[in-house]
Amino acid sequence: MDPDSCGEQAEVSLVSLGEREMLPKAHMPQNTSKYRQWVIIDGQKVEALRDTGASMTTVKSQLVSTEQIVPNTFHQVIVADNRESHLPVALVPFESGGISGTLKVAVSPAMPVDCLLGNDLEHTAKKK
């Protein structure tokens, strides 16, 4: 993804994630820039999308090493079509604006963006 094109994609199909949360599939307007931002996950600058329906931040599995996965720990998600899944949990170094620290994230093999920022962000990472 071109770093200069952050927020310029047309429509994005979102998957709402969270513990026992169910939200209808959403289609973002063409100008999604106010919902998008750059974050650093384990030293990699990636594009993130704010998901107000997500209780936990979720990242693509390509951004997480095997060593960062927490053994036998899963986060239950219910996606837009009511399918239930259990995603592995990882601890990753995270930076965004004034927030940095180790963040507990759900790990998904398939997502529309590199990172979905959940409602947990301000509670689990330390502010600079």
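The values are calculated or read from the model by the stated rules, or taken from the named source; none is laboratory data. All figures in this text were calculated on a predicted structure; none of them were measured in a lab. All Cβ positions, glycine included, derive from the backbone under ideal geometry; neighbour counts span all protein chains shown.
Under the condition of being touching a helix residue (DSSP H, G or I) at 6+ places or on another chain (Cβ under 7 Å) and closer than 13 Å to L63 by Cβ, which residue from the stretch 92-128 is modelled with the lowest pLDDT? Looking at residues that are touching a helix residue (DSSP H, G or I) at 6+ places or on another chain (Cβ under 7 Å) and closer than 13 Å to L63 by Cβ, I get P109.
Take the conditions of a type in the set (D, E), out of contact with any strand residue (DSSP E or B) (no Cβ under 6 Å at 6 or more places or on another chain) and either more than 24 Å from S33 (Cβ to Cβ) or surrounded by fewer than 14 Cβ atoms within 10 Å (Cβ to Cβ) (or both) and apply them to E67. Does it pass? It would help to see each step written out before you state the result.
Working: of a type in the set (D, E): yes; out of contact with any strand residue (DSSP E or B) (no Cβ under 6 Å at 6 or more places or on another chain): yes; either more than 24 Å from S33 (Cβ to Cβ) or surrounded by fewer than 14 Cβ atoms within 10 Å (Cβ to Cβ) (or both): yes.
Yes.
Annotation for the stretch 42-62: at least one member residue is over 12 Å from the mean Cα position of the chain (by Cα), surrounded by fewer than 17 Cβ atoms within 10 Å (Cβ to Cβ) and assigned to a strand (DSSP E or B). Residues of the stretch 70-120 that are under 18 Å from T52 (Cβ atoms) and in a strand (DSSP E or B): H75, V77, I78, S96, I99, L103, V105, A106, S108, C115, L116, L117.
If only residues of the stretch 12-29 that are surrounded by 12 or more Cβ atoms within 10 Å (Cβ to Cβ) and farther than 16 Å from V77 by Cβ are counted, the one that is modelled with the highest pLDDT is M28.
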